[in-house]
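Report on the following structure.
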Amino acid sequence: MTAAAQDQWRLLDVQSHDTRLTQIAHRQRTLPAHARITELEGKLSGIDDEMVVARTAATDAARELAKAEGDVEQVRQRVARNQARLDAGQGSAKDLQAIQHELESLANRQSVLEDAELEVMERQEAAQTAVAAATTRREAVTAEIAEAAAERDKELAALSAEADAEKRDRENAAAGIPKDLLALYERIRETNHGVGAAKLYQRRCEACRITLPPSDLARIRAAAENAVVRCEECSRILVRTAESGL
């Protein structure tokens, strides 16, 4: 393939813009805010799991407490009825003695039930405290995520604007370059990590950074000025300049 030397030089400008666009895209993907948001979202997920456990514990405790309160109330009512009968002296001496004995048993039963009720209340309070603490932490992490997302969006907007400017400059740089030369450059760039053309500088390919052997230099030196030459090592288009060292 042949192309005017100035058209080959313009490929370097196109490559410069393409390299910059690649760098911008990399920055867009690897902004620190991305990692920070991912970290915070993981933390938020952990807090949500804690809240599920705490809320479940609080619900279970509330159900247990309702049952415990009902059991205590039943015993209290029984105590009240028996005490009323005892105070009224209703029944025979044997009956009154039996009531007195039952009151003692009920007192013990009430004490046990009230202790159980207190234990359940303590568990419920602990679970509610855990829910409240998790809620507070969740709100704080959510605020951090919002702040990180705002910072990310700001940086992405700036990079997007920079990319748009680079694309316009790239279009201007590519305008007028022969289609076959530009197509060759694009094909090479697609299969060579985004680099399709490089300067031959001081006998070295600026793409693969390898100094060309004498045989390659002789070949390039003998090529016509408008010949499109390529690096034997990396296949990129080598653009000759006054600094090529030929």
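The values are calculated or read from the model by the stated rules, or taken from the named source; none is laboratory data. Since the model is a prediction, treat every value here as computed from it, not as a measurement. Quick reminder, even Gly has a Cβ in these numbers, built from the backbone with ideal geometry, and neighbours come from all protein chains shown. Keep in mind that these areas ignore ligands, DNA and RNA; they rest on the heavy atoms of the full protein, side chains included. Shrake-Rupley method; radii C 1.70, N 1.55, O 1.52, S 1.80 Å.
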Nearest 20 debye, what's the magnitude of the dipole of the chain about its Cα centre given +1 on Lys and Arg Cβ and -1 on Asp and Glu Cβ? 1600 debye
Which one of Val112, Ala57, Gln83 has its Cα pushed farthest toward the positive end of the charge dipole of region 1-122, where Lys and Arg give +1 and Asp and Glu give -1 at the Cβ? Ala57
Listed candidates [x] 1.60; [y] 1.01; [z] 1.22 - label of the one calculated as Rg/Rh (Cα atoms, Kirkwood Rh): [x]
Which links in Lys67/Lys94; Lys43/Lys154; Lys167/Lys199 stretch past 27 Å when you go from one Cα to the other? Lys67/Lys94
Contact order relative to length of region 1-144, as percent, for alpha carbon pairs under 8 angstrom and 6 or more apart: 41 percent
A 1.4 Å probe over the protein heavy atoms gives region 1-122 a carbon and sulfur accessible-area percentage of 53 percent
Which whole-number percent gives the relative contact order of the chain, counting Cα pairs below 8 Å spaced six or more residues apart? 33 percent
Which listed residue (Gln128, Ala3, Cys231) has the Cα farthest towards the positive end of the charge dipole for the chain, taking +1 on Lys and Arg C-beta and -1 on Asp and Glu C-beta about the Cα centre? Ala3
